[in-house]
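Presented below is the structure to which this report refers.
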Amino acid sequence: CVNTLWGTHPVTPCYKQVEINLFFNLVCDPADVISTVEFNQTGEFLATGDKGGRVVIFQREPQGEYNVYSTFQSHEPEFDYLKSFEIEEKINKIRWLPPHNPAHFLLSTNDKTVKLWKVSEKDKRAEGYNLRDEEGRLKDLSTITTLQVPVLRPMDLLVEASPRRVFANAHAYHINSISVNSDCETYLSADDLRINLWHLNITDRSFNIVDLKPENMEDLSEVITVAEFHPHHCHLLAFSSSTGTTRLCDMRARALCDQHAKLFEEAVDPSRQSFFSEIVSSVSDVKFSHSGRYLLTRDYLTVKVWDLNMENKPMETYQVHDYLRTKLCSLYESDCIFDKFECAWNGTDSVIMTGAYNNYFRMFDRASLRDVTLEASREVCKRRAVLQPRRVCVGKKRKETDVSVDSLDFRKKILHTAWHPKENIIAIAASNNLYIFQDRLTPNGHHNTPEIQSAM
């Protein structure tokens, strides 16, 4: 079985899966493809959004398994008659708000509109109204001769999802990111050229804090790909661009953050430049570490860890699938080179995770610099089964289980991943399937601790 490292202890992970498509359809409906995955701050809830505009929330049961808690339609398809194009219902991002009462709040967005949802439980109903009957109809006032005090009666648990705010008409381009600020009062939404700052209680206006749109669109040289607030400092935010740069902005310096506080960019050797260099250097995801000290960025071929105090080069660079460098031409022709992979930290910032092709995902231990490749698919993921490591070889196979780079299925890809904020539990979205993996405990309740095996 595979050996990997979670946190600071090497353990043997045991994995179990939960699939969204309960009917196990052989043909995947495009509307069922998962487009985002997000744990809440405690890890008790896991939310997924799909291309059909639906949000599915899973709750962790006392025995440790995640089961469906609530499902609701977040967005519907719309048509912009002024610009004559259809606005898809696809959920681009979901972000949970920190809990302050028994109800749960989350933000969800499609290309144009952000919505704030309240998810609450109801297990009692009021009975004994004076002016209405049991079916809710108004009584004839002449028949009311006595007054009674309404009482609450137990009822089957009902989970309700209701929209509390709708933030619309602020983006001319497609929204690619939303991020909740640590002040719990504001959040940002980012599209290709602008980043807007919103107050959670104000829907009719927002403040533009980043604007990359040139006066002449022919001078456009880069677009915003992702933006995120710092987890602890409400005045700091980071955003990355298609040129491979990541900017750290300080809102205390000026209202419009067109002048960055820091620029994280790695110098490129001119001798290694090619037609694909700028495409593969485009940053598809950026995540602050839980401590707030580091930045994790993902481009097409690598994942990098940056120290906020060192801008000129990354602290660590991990090759995700370097074996694809010889196939960039065919990947460009199939548009796969424009796929946007996400990345994630574990709860202690000691291990990072990101996706790859052939339904593979990669984990890198920062302390030992060892890594492992695992597969999330129905063929290998049986309930409570232990995953086996995978190895992609460029030349001749060394083992029967090795996979040749020429046999990789580029239609199967792990774009969306999430890591439980406190425990060794990960969520992997593969097409219309959601896989939830967790490390195995021995009968006495301790983690297994064998030697780590490299997957390379």
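Summary of values
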item	result
Condition broken by Pro314, with the remaining ones in (1) within 18 Å of Leu301 (Cα to Cα); (2) open to solvent by 20 Å² or more (accessible area, probe 1.4 Å); (3) part of a loop (DSSP other than H, G, I, E, B) satisfied	(2)
Strands (runs of 3 or more DSSP E) wholly inside the stretch 40-149 containing at least 1 residues that are in contact with a strand residue (DSSP E or B) (Cβ under 8 Å, 6 or more places away or on another chain) and more than 26 Å from Ala344 (Cα to Cα)	66-73, 78-80, 85-87, 114-127
Any hit, the stretch 237-245, residues being farther than 23 Å from His420 by Cα, modelled with pLDDT of 95 or more, in a loop (DSSP other than H, G, I, E, B) and out of contact with any strand residue (DSSP E or B) (no Cβ under 9 Å at 6 or more places or on another chain)	no
Lone qualifier among Val180, Val151 - being on the phi < 0 side of the Ramachandran plot, open to solvent by 20 Å² or more (accessible area, probe 1.4 Å) and touching a Phe, Trp or Tyr at 6+ places or on another chain (Cβ under 7 Å)	Val180
Condition met for Pro98 (under 18 Å from the mean Cα position of the chain (by Cα) and open to solvent by 20 Å² or more (accessible area, probe 1.4 Å))	yes
Matching entry among Cys257, Cys249 (being open to solvent by less than 30 Å² (accessible area, probe 1.4 Å) and at pLDDT below 95)	Cys257
Per-region count, the stretch 381-401, residues under 17 Å from Asn432 (Cβ atoms) and more than 23 Å from the chain's Cα centre (by Cα)	0
In the stretch 264-287, residue nearest to His233 (Cα to Cα) [restricted to those that are of a type in the set (Val, Ile, Thr) and part of a loop (DSSP other than H, G, I, E, B)]	Val283
Evaluation of Ala103 against (1) open to solvent by 40 Å² or more (accessible area, probe 1.4 Å); (2) more than 24 Å from Ala31 (Cα to Cα); (3) of a type in the set (A, V, I, L, M) (one fails), failing number	(1)
Some residue of the stretch 69-90 being surrounded by fewer than 19 Cβ atoms within 10 Å (Cβ to Cβ), in contact (Cβ under 8 Å) with a residue 12 or more places away in the chain, closer than 23 Å to Leu434 by Cβ and among the β-branched types (Val, Ile, Thr)	yes
Flag if Glu311 is modelled with pLDDT under 95 and charged (D, E, K, R)	yes
Among the residues listed as Ser404, Ser431, Ser368, the single one being open to solvent by 20 Å² or more (accessible area, probe 1.4 Å), under 15 Å from the mean Cα position of the chain (by Cα) and either farther than 25 Å from Asn67 by Cα or touching a residue at least 40 places away in the same chain (Cβ under 8 Å) (or both)	Ser431
Per-region count, the stretch 347-376, residues part of a loop (DSSP other than H, G, I, E, B) and either of a type in the set (Asp, Glu) or closer than 21 Å to Val283 by Cβ (or both)	3
Candidate set: the stretch 246-263, residues that are of a type in the set (A, V, I, L, M, F, W, C) and in a loop (DSSP other than H, G, I, E, B); chosen: the one farthest from the chain's Cα centre (by Cα)	Ala253
Yes/no for Val394 being within 15 Å of Leu324 (Cβ to Cβ), open to solvent by 50 Å² or more (accessible area, probe 1.4 Å), touching a residue at least 12 places away in the same chain (Cβ under 8 Å) and β-branched (Val, Ile, Thr)	yes
In the stretch 411-420, the residues that are open to solvent by 10 Å² or more (accessible area, probe 1.4 Å), at pLDDT 95 or above and either part of a loop (DSSP other than H, G, I, E, B) or farther than 30 Å from Ser330 by Cα (or both)	Leu415, Trp419
Filter pass, His290 being outside any strand (DSSP E or B), under 24 Å from Thr36 (Cβ atoms) and open to solvent by 70 Å² or more (accessible area, probe 1.4 Å)	yes
Scope the stretch 317-336; condition in a helix (DSSP H, G or I), more than 23 Å from Gly395 (Cβ to Cβ) and not charged (D, E, K, R); matching residues	Tyr332
Some residue of the stretch 440-447 being over 16 Å from Val320 (Cβ atoms), of a type in the set (Gly, Ala, Ser) and modelled with pLDDT of 90 or more	no
First in the stretch 111-123 and within 17 Å of Thr203 (Cα to Cα), second anywhere and open to solvent by 30 Å² or more (accessible area, probe 1.4 Å) and of a type in the set (Phe, Trp, Tyr), Cβ under 7 Å, 6 or more apart	Leu116/Phe105; Trp117/Phe105; Lys118/Phe105
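The values are calculated or read from the model by the stated rules, or taken from the named source; none is laboratory data. Computed from a predicted model, the values in this text were never measured in an experiment. So basically every Cβ, Gly included, is an ideal-geometry build from the backbone, and we count neighbours across all protein chains shown. Surface areas here come from the heavy atoms of the whole protein model, side chains and all, with no ligands, DNA or RNA. Shrake-Rupley method; radii C 1.70, N 1.55, O 1.52, S 1.80 Å.
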